[in-house]
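Structure first, commentary second.
What follows draws every value from the coordinates through simple rules; no lab data is involved. Keep in mind it's a predicted model, so treat the numbers as computed, not measured. Virtual Cβ from ideal backbone geometry, glycine too; neighbours counted across all protein chains shown.
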Amino acid sequence: MQFIETRGNDGQKPQSVSFSEAILSPSASFGGLYVPNALPNLDKDFLENHLLSHYKVLALDFLQKFGIDIERETIQEALKRYDAFDNASNPVPLSQIEEDCFVAELYHGPTRAFKDMALQPFGYILSKLAQQKGENYLIMAATSGDTGPATLETFKNQANIKVACLYPEGGTSDVQRLQMVTEDGKNLKVIGVKGDFDDTQNTLKSLLASGDFKNELKHHNIKLSAANSVNFGRIIFQIIYHIHSYLELVRQEKIQMGEKIYLVVPSGNFGNALGAYYAKKAGLPIEKILISSNINNILTDWITKGVYDLTVRTLIHTESPAMDILKSSNVERIMFDKFGAKRTKELMENLEKEGKYQLTQNELEKLREDFDASFSDDAACEAVIGNYAQKGYIMDPHTATCIGAYEKLRDKKLKTVVYSTAEWTKFSPTVSKALGNELKNDIEALKWVSEHANVAVPPVINALFKKPIIHTVVVEKEFIKKEMLDFL
Ligand SMILES: *Cc1c(COP(=O)(O)O)cnc(C)c1O
């Protein structure tokens, strides 16, 4: 299996690259992304063969069918990371919340958000490749909350990798901040930035573009890679749990093999949804992928009107901050798949130059063959959380955006899987508010919700409040470069 580029080839980079090359240096010609030139076939035989498979067995077979250039033993070691999830025999449990609606809980890993599903095995593989090549890599991440902890956790004490993580001081929940500043590892650096997430991200971008920073990296013989979802090494692991959810419905005798289902995906950078799209394209019986957003609903406009327009928008902070995103990176991979490289380049250049683009009617229809979309505001999400808490199910605000899409968008009476992307414990003040007691800090909210709704707080979350703070650096933007150079 080879990887090609969403905006075509510039004549400098190779015409196609292997999986390992695509994940070590994920930036493609003209600022594009790498995509696979073919997908494995998830036909009925494949699905039936795996009806009783362990998650790791399914994953190994899938990855081998994909034909990635990673040794079987390395893949197996990487997949062992799922053994540390709550239930080693089923890392992604499926809970029924309505007669025809099931929640696939993607948050049972070490940092309690779905980022672990991909970053855990990906971190092992990237470090292994770096060791085999005798190269050193720096991963830089700017985080609004979930990516930072998951990136630090997966790479801590891994050979040949250093991680620097920037977070906006005051811009994350207490739990998210503690997950980063208490993370112990010789190869990790965590820097709080005075400013909001945009400042943090812009600082990172200008640092990565600066000449002396690049020289300094060269001098230390360090290459740059990325651990966000522009890296296909994350996307590949995000195809597998969609297959698993489908098989789980068959195992639980809720559907017959071959019966179609809906998926509802709470989306930001569209990595989770892209995984669902590839699963559907490879043959998994999915009727449609329903995309849910908060009021930063640029994806709703894209899928319902074919418009992607940044010029009429400013980012709004919501109670589902992991979806407070306007430039959604994986949309590009969908457009490549449907409209080809030439058109994708044109559309993405329009977005960069004019801040917007418009699909043709025909293109919009093609997009809507696989997707539909809607959004929920904070008040609607709080109502959903309160309502399901009364029925005995506690969900986080990102998951809550899905319920509106589930209620509004289904044309057919098919079984539906909703993806839960974070545990409520990461957003406990919002959950306490939704349950009628607005508590401002995480410690109080965790305790109250846990007692009031009779749900456990996992030991890894409780332990955060007692762990020593290791990373105490909080700086103005101007001093980040100096901190980074000291770290290198
Ligand atoms: C990252 C994240 C999302 C968005 O996922 P994408 O793959 O970027 O669309 C949704 N919810 C939570 C809790 C997340 O951490």
**Message:** Applying a 10 Å radius around every beta-carbon, put 26-32, 339-345 in order of their mean neighbour count, most first.
**Reply:** 26-32, 339-345
**Asked** Using a ≥ b ≥ c from the Cα gyration tensor of the range 128-269 (square roots of the eigenvalues), is it rounded, prolate or oblate, where a/c under 1.5 gives rounded and otherwise the larger of a/b and b/c decides, a/b for prolate?
**Response** prolate
**Complete:** Scattering profile of the chain from the Debye formula, Cα beads only, expressed as log10 I(q)/I(0) at q = 0.07 Å⁻¹, is -0.34
**Asked** Considering the dipole of the chain built from charges on the beta carbon (Lys and Arg +1, Asp and Glu -1) around the Cα centre, which of 206, 296, 475 is farthest to its positive end?
**Response** 206
**Prompt:** residue 44: which lysines have alpha carbons under 19 Å from its alpha carbon, excluding same-chain residues fewer than 8 sequence positions away?
**Reply:** 65, 254, 260, 280, 281, 288, 415
**Fill in**
About its Cα centre, the chain carries a charge dipole, from +1 on Lys and Arg Cβ atoms and -1 on Asp and Glu Cβ atoms, whose size in debye to the nearest 20 is 840
**Message:** Expected output is a single nm value to one decimal: the length gained when fully extending between residue 441 and residue 186, i.e. 0.36 nm times separation in residues minus the C-alpha distance. What is it?
**Reply:** 88.8 nm
**Prompt:** Hey, which lysines would be in cross-link range of residue 356, C-alpha to C-alpha under 22 Å, not counting anything within fewer than 8 residues on its own chain?
**Reply:** 205, 305, 327, 338, 342, 345, 366
**Fill in**
Label model pair residue 71, residue 390: point-to-point distance (7 angstrom along the Cα→beta-carbon line) in nm is 5.8
**Prompt:** Ranked from highest to lowest mean number of other Cβ atoms within 10 Å per residue, what is the order of the peptides 228-236, 372-380?
**Reply:** 228-236, 372-380
**Message:** Skipping prolines and chain starts, which residues have an amide H placed within reach, meaning under 5 Å, of the one on residue 371, given they are 5 or more residues away or on another chain?
**Reply:** 289
**Asked** Where the only charges are on Cβ atoms (+1 Lys, Arg; -1 Asp, Glu), what is the dipole of the range 155-202 about its Cα centre, to the nearest 20 debye?
**Response** 340
**Asked** Of the peptides 81-90, 198-207, 1-10, how do they stack up when ordered by the mean number of other Cβ atoms within 10 Å, highest first?
**Response** 1-10, 198-207, 81-90
**Net dipole in debye of the range 257-310 [+1 Lys, Arg Cβ; -1 Asp, Glu Cβ; about Cα centre; nearest 20]** = 140
